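Here the structure is laid out as structure tokens; the discussion comes afterwards.
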Ligand code: SF4
Ligand code: SF4
């Protein structure tokens, strides 16, 4: 197989936040320190070596790139201050931008002023688009879907989802093809027999259930958290609450649609707080808001290695998540007030516009790692299973 050398790889990675890793002499201290490094003893220094010699394809097709949770222990122990933890984070940003066919991700990561302008323009577009079709504001009760038609939100949401899924599938597909080729994983070997299918289902459960939702390695193996730190400030829990909150809100939205489709209740009609979709949405909203707020505070205070360097794109994601969560609560409060507040309509418009933008930009921001990491962990679980069988 021919190896194509990209002489600009190292300097390009630095645009995504990597330190100058040319001083790394592959001593292996980071590998010895990393709680997630497995038995082959080359992670994370192998990734740095790829960057030093310009092996772009090898770097991008490494499943190990996505197994790191940026605890920073390796950076603390590196004798040359190559900051391997930040290198891994920068390499993941670089990977997301490399898989993205539109080039938007690269702009958001490396051109903060243009990226921020695009972000504001996209939100403004959605707000104006929705407002152009607005109806009357009922002063007696907060009638949100009279103000912005439900059908418009519904179909715009579907269009945004389709675009998001398309961009995600293209990017993740590219990544999965590269990793599969590298790992020698074929379709036949994955689903070609009952035994192969069983192993794939187990790997899928490990990547999605145990690791992505259950956060097992982050929680149990990634020993960056100070054990003296109270649970509510532990990094893994903040990360997990953000993920659980986002998934919960997605679940509440789907549940609400399901109830409307089955005719149990119309979307947007007032419901008590204990109603399943409202209860799930409220709990998930609190979880998301808490997780994202803690992330923001930690980044401002630079409390750990992962929070030392923030790109504009990192902030964009946090801000969009926070605004979506907070405005959701404002709307909920407005709905329960005895007199319909006029501000409720404007908050609703803002909420819808930002939520649409959040969904549309998902494959291009840091949130993209929620799509790439499970796929990499799937291959990781398959490889672990293979090496267990070989023993
Ligand atoms: S990154 Fe630092 S600790 Fe890791 S191999 Fe290079 S010099 Fe050693
Ligand atoms: S940041 Fe933590 S998990 Fe990532 S390579 Fe370094 S020690 Fe390992």
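What follows draws every value from the coordinates through simple rules; no lab data is involved. Nothing here was measured: the structure is a model prediction, and the numbers come from that model. When we count neighbours, we look across all protein chains shown, and the Cβ atoms used for this are built from the backbone with ideal geometry, even at glycine.
Side notes on the structure shown:
- Computed [θ] at 222 nm, helices only, for the chain once each DSSP H run of length n ≥ 4 contributes -39500 (n - 2.57): -20500 deg cm²/dmol
- Cα long-axis angle, helix 150-183 against the chain (0 to 90 degrees, to the nearest 10): 10
- Per-pair calculated FRET efficiency, R0 = 30 Å: residue 204 and residue 133 via Cβ, rounded to 0.05: 0.10
- Here the simple spin-label model places points 7 Å from the Cα toward Cβ, and for residue 125 and residue 140 these points are separated by 4.0 nm.
- Label separation (residue 229 vs residue 11): 3.7 nm, computed from points 7 Å beyond Cα along the C-beta direction.
- Alpha-carbon Rg/Rh ratio, for the stretch 9-99, with Rh computed the Kirkwood way: 0.91
- Among 323, 148, 271, the residue with the largest mean-square fluctuation in a Gaussian network model of the chain, with springs joining Cα atoms closer than 10 Å, is 271.
- With R₀ set to 30 Å, the beta-carbon distance separating residue 76 from residue 301 gives a calculated FRET efficiency near 0.95.
- Degrees separating the helix 369-390 axis from the principal Cα axis of the chain, which is the longest one: 40
- Between 285, 171, 157, the residue with the greatest mean-square fluctuation in the GNM of the chain (Cα pairs under 10 Å linked by springs) is 157.
- With a Förster radius of 41 Å applied to the C-beta separation of residue 38 and residue 319, the computed FRET efficiency comes to 0.70.
- 12 Å reach of a label modelled at residue 102, 7 Å along Cα-to-Cβ, counting backbone N of the stretch 348-370: 357-365
- The chain - Debye-derived log10 I(q)/I(0), Cα point model, q = 0.10, 0.12 Å⁻¹: -0.72, -1.01
- Inter-label distance for residue 169 and residue 329, nm, one decimal - labels placed 7 Å from Cα along Cα-to-Cβ: 3.7
- Segment residue 243-residue 158, extension gain: residue separation times 0.36 nm, minus the distance between their alpha carbons: 28.4 nm
- Over the chain, relative contact order from alpha-carbon pairs under 8 Å, at least 6 apart, %: 23
- The gain in end-to-end length when the residue 3 to residue 337 segment is fully stretched comes to 113.8 nm, 0.36 nm per residue minus the alpha carbon separation.
- Helix 276-301 axis, angle to the chain major axis (alpha carbon atoms, nearest 10°): 50
- Label zone at residue 384, where the point sits 7 Å out along the Cα-to-Cβ direction: the stretch 182-207 residues whose backbone N lies under 13 Å: 202-207
- Gyration tensor verdict on the stretch 288-376 (Cα atoms; rounded if a/c is under 1.5, prolate if a/b is larger than b/c, oblate otherwise): prolate
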